[in-house]
Amino acid sequence: MSDDSIFAGPALRRLRKREGLTQAAMAQRLDISPSYLNLIERNQRPLTARVIMQAIDAFDFDPRTLRQDETVGGVDGLMRRFADERFSDLGLSREEADEFLSAAPAAAAAFARMYDTSGSGVPEGDDPLQASRREIERWRNHFPDLDAAAEQLADELRLSRGEIGPALVERLRERHQLTVRILPADVLGNAVRRLDLHARQLQLSEMLEPGSRVFHVAQQLAMLEQDEAIRAIAAGPRFGEEASRQLFERHLVAYFAAALVMPYGRFLRACDATGYDFPVLMRRFGVSFEQLAHRLTTLQRVGQRGLPFFMARVDRAGQLSKRFAGASGATLLESDATCPLWHVHRAFERPVELQVQAVLVDGAEGSRDHWLTFSHVVGAGAGGDARFAVCLGIEARLASELAPARGVSLRREDAMGIGMGCARCHIPGCRQRSLPPRGASLAFDRLSRGASPFGFGEQGTG
């Protein structure tokens with residue numbers, strides 16, 4: 001069991017309650033501090049091999065019970081499932097998810113398995129994208145072995161070249177006898193990258209930006225040099241169909257490429273030194289805003305963690321084509337609809353500017369999660385008129401020292417209230433509302449008409 005992957009706080013808390021111990025008494029038996037035990041129980045620190053062995057020695061403890069929490073994904077994993085619109089009228093809270101996992105872990109695992117099999121009312125085999133995303137989130141979008149291998153290769157390449165791009169091209173030529181050739185768009189057609197083994201060429205479209213060319217070369221190296229490691233990771237999950245596994249493998253290829261271009265240690269040090277200054281980081285590592293956003297969701301190395309960002313990519317219709325919660329625990333991404341008051345939509349109107357917005361997200365039982373979000377428009381990758389808005393988000397309480405947050409109020413009372421799409425939002429009086437919220441009774445008044453087209457009562461009444 002790896003120190004990098006065991007986050008099983010509820011399992012340890014169940015053991016403590018079974019033994020009738022306080023946190024101080026339990027910590028003494030495990031030879032750790034009470035504060036560290038508290039962090040473990042809240043899944044803010046991993047359960048290390050040493051602590052597991054101490055628990056086995058001190059108590060009648062079966063380490064196999066850890067796997068139930070790991071499969072479910074802890075409280076965050078249950079909350080992501082509870083965010084499904086089919087449960088919107090129940091008002092399920094984080095405390096209830098915690099109690100469910102603590103009191104009945106096997107039942108929670110059974111619920112998670114049944115939910116994951118059915119997805120959003122669609123068999124898993126019919127929705128490979130959702131199945132692949134679930135596996136990415138189970139890993140919290142952090143793959144330590146790929147990160148370590150990419151960092152080692154990046155360090156090796158930088159011995160001979162100061163710029164990573166030429167070093168990657170040289171690596172392809174020397175190690176794999178492949179040259180990189182830039183071809184006109186009308187020659188490659190709809191393709192942006194093609195491997196021609198007969199000509200021993202990696203062919204790239206002329207429409208790719210310089211940073212994207214480097215990224216595609218890095219992806220080709222990932223497929224050539226990390227194929228066995230990537231296939232081993234992708235062989236673990238029990239996907240319903242092969243398309244799910246292929247999508248997961250494609251994500252792992254891109255993950256390695258990002259880790260190669262933005263090596264973990266150097267990248268995290270640059271983030272800390274610049275206060276996560278996005279333009280500086282993009283220029284320093286030669287990446288796009290979207291590539292940077294992807295990487296910022298992965299910084300979860302034990303003992304060397306970055307800030308817990310989430311990332312989403314939205315089209316003009318408000319559809320999410322990419323979403324990575326990482327370690328943020330964000331449930332905002334669990335809806336298929338987005339709020340028009342969220343400035344991720346304003347990014348299309350002002351494509352040059354970074355849209356910074358503090359939001360309070362309408363959640364279960366009236367909860368309002370406070371986030372700071374950063375949105376910017378990006379292209380589809382190789383010319384054309386396709387545009388998406390990429391959004392990074394972080395808890396507002398963690399954002400005060402960020403360079404892109406300067407001048408932005410982080411007070412809750414100044415944040416914009418938004419929902420997870422109108423059908424799941426219970427904020428009253430919204431002029432932008434297009435649909436009434438599910439699970440709430442509509443209210444009608446013959447004598448007056450409000451600014452919002454729909455008035456409604458309490459959730460679950462009527």
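Read-outs throughout are calculated quantities, based only on the coordinates presented, and are distinct from any laboratory measurement. Every value quoted in this text rests on a predicted model; they were computed, and no experiment measured them. Using ideal geometry, Cβ is built from the backbone for each residue, glycine included, and neighbour counts are taken over all protein chains shown.
Assuming 0.36 nm per residue, please report the length gained on full extension of the stretch Gln319 to Leu90 beyond their Cα-Cα distance.
Working: separation 229, 0.36 × 229 = 82.44 nm, distance 2.52 nm.
Separation in residues times 0.36 nm, less the Cα-Cα distance, equals 79.9 nm.
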For the Lys17, Arg283 Cβ pair and Förster radius 51 Å, calculated FRET efficiency rounded to 0.05 is 0.45
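Residue separation times 0.36 nm, minus the C-alpha to C-alpha distance between Glu241 and Arg387: what's the value? Don't skip to the answer; put the middle values down first.
Details: separation 146, 0.36 × 146 = 52.56 nm, distance 3.04 nm.
Between Glu241 and Arg387, full extension yields 49.5 nm more.
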Residues other than Arg250 with Cβ under 14 Å of its Cβ, Lys/Arg counted +1 and Asp/Glu -1, net out at +1
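Does the chain classify as rounded, prolate or oblate by the C-alpha gyration tensor (a ≥ b ≥ c root eigenvalues; a/c under 1.5 gives rounded; else a/b over b/c gives prolate, otherwise oblate)?
oblate
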A student applying the Cα gyration tensor rule (rounded when a/c is under 1.5; otherwise prolate if a/b is larger than b/c, oblate if not) would label region 292-418 rounded
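By Kyte-Doolittle mean hydropathy of at least -1.0 and Cα axial length of at least 24 Å, which whole DSSP H helices of the chain are selected? Each step should come with its number before you reach the end.
On the way: long enough: 242-261 (29 Å, 0.48).
Those that clear 24 Å and a mean of -1.0 are 242-261.
Just from its helices, what would the mean residue ellipticity at 222 nm be for the chain, if runs of 4 or more DSSP H residues each count -39500 (n - 2.57) and the sum is divided by every residue, rounded to the nearest 500 deg cm²/dmol? Each step should come with its number before you reach the end.
Numbers: 19 runs with 194 residues, N = 462.
Calculated at 222 nm, the ellipticity per residue is -12500 deg cm²/dmol.
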